[in-house]
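Enquirer: The structure's right below; bear with me while I get my questions together.
The values are calculated or read from the model by the stated rules, or taken from the named source; none is laboratory data. Note that the structure is a prediction, hence the values are computed from the model and not measured. Here the Cβ is made from the backbone with ideal geometry for all residues, glycine too, and neighbour counts use every protein chain on show.
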Amino acid sequence: MNTPAANATLSVAAILVESARRHTDRPAITFGGVSTSYGELWDQTRAYAGALRDAGIGEGDRVAVLIPNVTDFARVYYAILSLGAVAVPIHALLKRHEIEYMLADAEVKTMVCAAPLLGEGAPGAQAAGAEVLTVLSPEAGQFPRLEDLAATAMPIETYLPRNPLDIATILYTSGTTGKPKGALGTHLALVEQVNVILLNTLDIRVGDKIFGGLPLFHTFGQTVVLNAGLRAGAELLLMPKFSGEAALSMVLDEGVHIFAGVPTMYVGLLEAAKSRPEAAPELRYAVSGGASLPLTVLEGFNARFGALIHEGYGLTETSPVASFNHVGKEPRPGTIGQPIWGVEVEIARAEVHDAIELLPRGELGELVVRGHLLFSGYLNRPAATAEAVVDGWFRTGDLGTKDADDYVTIVDRKKDMILRNGYNVYPREVEEALITHPDIVNVAVFGVHDDKHGQEVAAAVTLVAGSTLTGQEISAYGESRLAAYKYPRRIEILTEFPLGPSGKILKRELVARYQES
C-alpha cells in the first residue's frame, strides 16, 4: 500500500518553470550586457534538456556542470534537473586530477564544460570515463557543442516529477578533513529551503537586482542567489570572477538592490569604495555568510552603503541556511541570527561524539542542526554520514552559544580552536582585535605546532596599499588588546589570501605553508 509521502512529487526545476509562467517577460539573468527573460530562459532550458535527453541522459543519471557564473550555468543546471537527473556542480578552478576524483566518485555519466575550462575539465572527465559536451565554444571542436545539439533537438514539454526525497544535487565539500565528500541534496531540502528563506527570512522582492558574484557551483550562490532569486522573480546580475572594483561598478552603475557575499567580498568592496566616495548606491539589503564577518567591516559597510548587512549561517549539508538575522528585525551584529522556520539549531556538548547532549542557554558547545534542510548523507560514505548525523542532528563542527532570545553566536570552528599552554584561543576573537588596526585590511588567525607551547598563535594579514606596518608592530598591537596567551607571536604579511570556492579564506593552506616555513 502506497503511503501519501510516496505519492507526493516535487522538483527544483519547478522554480524556473513556475517563474517563467508568472514573470515571462521580466529579465531573469543579465550577463555581459545581455538580459535573458524568464520565458526565454525556460525555452532555452527546455531545448538544452531535449539535447541532453537525446545524448542519453535520463532519470537518476549524474551530470557534472563545469561552468562559471554565466547564463549557461542556469540553463544546464535546470535542464539536468528537468530530466530527473542529478546535477553535480564542479568548482571552476579545480585541476584535472581533482575533477577526475569527483566525477569518478559520483559516477558521472556526462560533463557539460564551458569551453574556457576544457583544458583541465576534458582530461579529468575522460580519465573518469565521462562523456564531454561543451558550451560557449565559438566554433565546432573536439567535443559536441550543446548549443548545436539543442538547436536540432525536440525541446521537452515540462519537467519530470520527482519524489521529494530523491537526490537533486551532489555538492562536494571542501575536504578540510581529507578527500572531498559528495553531499546529497534532496529536492525537498532545496525547495523548502528556498520557500522558507523567501517567506520570512530574506528580503528579496520581484524585480530586485541581485549581485551574482557568489559562485553558482557552491551551495551559497546556488540557493540564495540562483534558486531563491529566480523563485522570487528577481534579476540576477552575474559576475564570473569577483574583484572589488568590478563589484563596486556593478553595485553603483547597474543599480544592484541586494548584495550577497562572503566576508572577503565585503572587504574588497569597501576597499574599492575609497576610490568613489561620492557615489550613492541603490543598495537596499545585504546578506553575508560563509564565515564570520568582522564587526569593523560590517559597520564600515553600513556607514558607506547605507544598507544593513544581515548575517546568516549554514553549510553544504544544511542546504545551506540554518540560522539568519531575519527580515523585519534589526540585525544583531556579531550573531548569525535565529534558526529559520521549521529548523532547530541547538548547542551540544562538543566532547561527546556518539550522542547528542544538549547544553543550557549561554553555554559554549558545538552547533547541531535538524529539520527539513538536512542533506541525505555523504555519497558512498556511510561511516562519515553516521559520524556527522547523530540522533537525527547534524554535527556542524562549529562552536558557539545560543541566548535566551534564540540568537546564535559562532565562536569558531571546533577544529580551528588553538590550544596554547593549555588555554583555549578562538581565532575569531583575535581576528576581531587585529582588524581594528587602520592599516590592516583583512586577517586570518590559525594555530601552528610549537614544541614549547603545544600550539602557537599565528596571523596572516593583508595591508592597505603603501602601508609600512611590520609583523612586530602587528604583534605588539595584538598584545595591547588581548590576554598574553591570545595575541599572535607569528605574523605573515600577504598580498592576497588563498581562497576556497565560495571566497572563504583557506586556513588549512596557511597552516600548511607556515608549518613548512
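Enquirer: For the range 157-174, enumerate the residues that are within 21 Å of Arg21 (Cβ to Cβ) and of a type in the set (Asp, Glu).
Expert: Glu157
Enquirer: Quick check on my filter: what residues within the range 104-120 are in contact with a helix residue (DSSP H, G or I) (Cβ under 6 Å, 6 or more places away or on another chain) and at pLDDT 95 or above?
Expert: If the condition is that a residue be in contact with a helix residue (DSSP H, G or I) (Cβ under 6 Å, 6 or more places away or on another chain) and at pLDDT 95 or above, then Met111, Val112, Cys113 are the ones that fit.
Enquirer: Search the range 350-364 for residues being at negative phi and modelled with pLDDT of 95 or more, and hand back the single one that is surrounded by the fewest Cβ atoms within 10 Å (Cβ to Cβ).
Expert: Selected residue: Pro360.
Enquirer: Here's a check for you: in the range 37-93, which residue that is small (Gly, Ala, Ser) and under 19 Å from Thr223 (Cα atoms) is modelled with the lowest pLDDT?
Expert: Among those residues, the one meeting the criterion is Ala92.
Enquirer: Count, please, the residues in the range 16-72 that happen to be surrounded by 20 or more Cβ atoms within 10 Å (Cβ to Cβ), of a type in the set (A, V, I, L, M) and in a helix (DSSP H, G or I).
Expert: Total meeting the criteria: 7.
Enquirer: Of everything in the range 342-381, what is in a loop (DSSP other than H, G, I, E, B) and under 19 Å from Asp403 (Cβ atoms)? Give them in sequence order.
Expert: Arg349, Ala350, Leu359, Pro360, Arg361, Gly362, Glu363, Leu364
Enquirer: In this structure, is Glu492 in a strand (DSSP E or B) and surrounded by fewer than 20 Cβ atoms within 10 Å (Cβ to Cβ)?
Expert: So Glu492 fits the description; yes.
Enquirer: From (1) modelled with pLDDT of 95 or more; (2) under 27 Å from Arg489 (Cβ atoms), pick out the condition that doesn't hold for Lys402.
Expert: Lys402 satisfies every listed condition except (2).
Enquirer: So, Lys486, is that one under 20 Å from Val511 (Cβ atoms), in contact with an Asp or Glu (Cβ under 9 Å, 6 or more places away or on another chain) and not assigned by TED's automatic domain parsing to the domain that holds Gly365 or not?
Expert: yes
Enquirer: Related question: Consider Ala234 against the criteria (1) over 16 Å from Ile67 (Cα atoms); (2) surrounded by fewer than 18 Cβ atoms within 10 Å (Cβ to Cβ); (3) in the same structural domain as Ala286 (by TED's automatic domain parsing): it satisfies all of them except one. Which criterion is unmet?
Expert: It fails just one condition, (2).
Enquirer: If you don't mind, there's one more thing I want to ask. Kindly establish whether Leu171 is assigned to a helix (DSSP H, G or I) and either at pLDDT 95 or above or buried (at least 19 other Cβ atoms within 10 Å of the Cβ) (or both).
Expert: Spelling it out, it is not the case that Leu171 is assigned to a helix (DSSP H, G or I) and either at pLDDT 95 or above or buried (at least 19 other Cβ atoms within 10 Å of the Cβ) (or both).
Table: residues versus (1) at pLDDT 95 or above; (2) surrounded by fewer than 19 Cβ atoms within 10 Å (Cβ to Cβ); (3) within 30 Å of Thr186 (Cβ to Cβ).
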site: Val287; (1), (2), (3): yes, no, yes
site: Pro294; (1), (2), (3): no, no, no
site: Thr316; (1), (2), (3): no, no, yes
site: Lys329; (1), (2), (3): no, yes, yes
site: Pro333; (1), (2), (3): no, yes, no
site: Gly342; (1), (2), (3): yes, yes, yes
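Enquirer: Those residues that are hydrophobic (A, V, I, L, M, F, W, C) and crowded, with 17+ Cβ neighbours inside 10 Å, I need them from the range 259-285; list them, please.
Expert: Those that are hydrophobic (A, V, I, L, M, F, W, C) and crowded, with 17+ Cβ neighbours inside 10 Å: Phe259, Ala260, Val262, Met265, Val267, Leu269, Leu270, Ala272, Ala273, Leu283.
Enquirer: Now a separate question. Before we move on, is Ile99 assigned to a helix (DSSP H, G or I), of a type in the set (Val, Ile, Thr) and out of contact with any Ser or Thr (no Cβ under 9 Å at 6 or more places or on another chain)?
Expert: yes
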